[in-house]
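K.L.:
Following this message is one structure expressed as structure tokens.
What follows draws every value from the coordinates through simple rules; no lab data is involved. This structure is a prediction, so every number in the text was calculated from the model and none was measured. Cβ sites come from the backbone with ideal geometry, for glycine too, and all protein chains shown count toward neighbours.
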Amino acid sequence: MSDTNQSALLEVLHIKVWATTPSVSPSGNPLFSMRQQLGLSATHKNTNDQYRLSSTESWQVFDGDANMVLQSVIFDLVGTLLYYGEATGNLITLGHQALTDYLVGEGLDVEFEDVGRVGNGIYEVYLPFAEKSLIELEARVLYQAMLYQLGIDDYSNEDLIAGAIRSFYSPIVDGYQIYSDVREVLGRLKGRGLKLGLITNNDSADFSDRLLQKFGLNRFFDSIVVSAKIGLRKPHKHMFLHWLKELDVSNEDSIYVGDHPIHDIQGAKNAQIKCIWVKRKEYADIPTTPDWTVESISQAEQIINKERMRRK
């Protein structure tokens, strides 16, 4: 992420901190301190153009149907392979309660209501920014700001921040379930010699890792791209092109499988990758037409097999 993009996000979060804790001096503000460390301007203004990174791909992207041999299949994670069980309760509330319990266990004087208010406040600013800019910031920056707003003196303690992130996501990891056909389909595709990949949006790579470990899915994937590690979010094309570069395959060699019409389908199209939309629910806004539409991973597998045979 460039200094300019980082500055823009810090500016947004900085405004939120000042709105909730106006009596705190700038020198005590963690976002102000990070800006100083990075040598960023405190007067930076947001503009839409700066968030669209220039195209500097050095790997090959084909334009047009070259009937290349199908070598790889890329999947989205949440919503496509996994789902959140509604019976387990509101995931954000559960996360805030677990975070509160963790902080109290560390000897800190915090209340659940304050944790919820501050946590929601940070993400009410960050999520619209991330969706518009397609920039992903690591959770540790957001949680440092959260701890600061809760009045915790040791807000920059990396162990405390890591524990806070892990505690928030623990009940959410527990609540996720896997679609019944996922393991069998991934196993068959892997057995046919296809390279399998995963591209997921999340500000915590640890959260994604824990989900994969919970369901034993790591073994199926040759490469995993998490937005927190790249600094960008789907549907930015670089999320997809990064994966192609890692495994040295082209867009025409690949098919993408996802459930979200913008993050997944629009994103794959941005990278000129053919895509299968796993339609798990209705969406009002479908800006791009997928190449295929199915209702399950098993149905997606049938299309992948047909394409594999067609391209031989």
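K.L.:
On a 26 Å Cα-Cα criterion, which of the cross-link pairs Lys274/Lys312; Lys195/Lys281; Lys195/Lys279; Lys190/Lys274 come out too long? Walk me through the numbers before you get to the answer.
P.N.:
Working: Lys274/Lys312 17 Å; Lys195/Lys281 28 Å; Lys195/Lys279 23 Å; Lys190/Lys274 19 Å.
Check vs 26 Å cut-off fails for Lys195/Lys281.
K.L.:
Take the Cα gyration tensor of the range 97-143, multiply each eigenvalue by 5, square-root it, and list the three semi-axes largest first, rounded to whole angstrom. Present the calculation step by step, with values, prior to reporting the outcome.
P.N.:
Working: eigenvalues 129, 26, 8 Å².
Result for the range 97-143: semi-axes of 25, 11, 6 Å.
K.L.:
Rounded if a/c is under 1.5, else prolate if a/b is larger than b/c, else oblate: which is the range 225-278, with a ≥ b ≥ c the root eigenvalues of its Cα gyration tensor? Intermediate values should be presented prior to the final figure.
P.N.:
Details: a/c = 1.88, a/b = 1.06, b/c = 1.78.
Oblate, because a/c is 1.5 or more while a/b does not exceed b/c.
K.L.:
Based on the mean of other Cβ atoms within 10 Å per residue, sort peptides 212-221, 196-205 so the most packed one is first. Kindly include the intermediate steps, with their values, before the conclusion.
P.N.:
Details: 212-221: 14.8, 196-205: 22.1.
Per-residue Cβ counts within 10 Å, averaged per peptide and sorted highest first, yield 196-205, 212-221.
K.L.:
Still on this structure, please answer the following. Using a Förster distance of 45 angstrom, determine the FRET efficiency expected from the C-beta separation of Phe215 and Val104, and round it to 0.05.
P.N.:
On the way: r = 31 Å, r/R0 = 0.68.
Here the calculated transfer efficiency is 0.90.
K.L.:
Using a simple spin-label model with points 7 Å from Cα along the Cα→Cβ vector, what separation in nm is obtained for Ser180 and Arg192?
P.N.:
The modelled label-to-label distance comes out at 2.2 nm.
K.L.:
Where a ≥ b ≥ c are the square roots of the eigenvalues of the C-alpha gyration tensor, would you call the range 152-293 rounded, which needs a/c under 1.5, or, failing that, prolate if a/b is larger than b/c, or oblate?
P.N.:
Numbers: a/c = 1.69, a/b = 1.53, b/c = 1.11.
Here the range 152-293 falls in the prolate category.
K.L.:
Moving on. What do you get for trypsin sites (Lys or Arg not before Pro) in the range 275-311 restricted to DSSP loop and a cutoff of at most 13 other Cβ within 10 Å of the site's Cβ?
P.N.:
Values: sites: Lys279, Arg280, Lys281, Lys306, Arg308, Arg310, Arg311; in loops: Lys279, Arg280, Lys281, Arg311.
The qualifying sites are Lys281.
K.L.:
Could I ask something else about it? Test of understanding: what is the full-extension gain from Lys312 to Lys281, defined as 0.36 nm times their sequence separation minus their Cα-Cα distance? It would help to have the intermediate numbers written out before the result.
P.N.:
Numbers: separation 31, 0.36 × 31 = 11.16 nm, distance 3.37 nm.
Roughly 7.8 nm would be gained on extension.
K.L.:
Based on the alpha-carbon gyration tensor of the range 230-312 and its eigenvalue square roots a ≥ b ≥ c, which shape applies: rounded if a/c is under 1.5, prolate if not and a/b is larger than b/c, or oblate? Walk me through the intermediate numbers first.
P.N.:
On the way: a/c = 2.04, a/b = 1.02, b/c = 2.00.
The shape class here is oblate.
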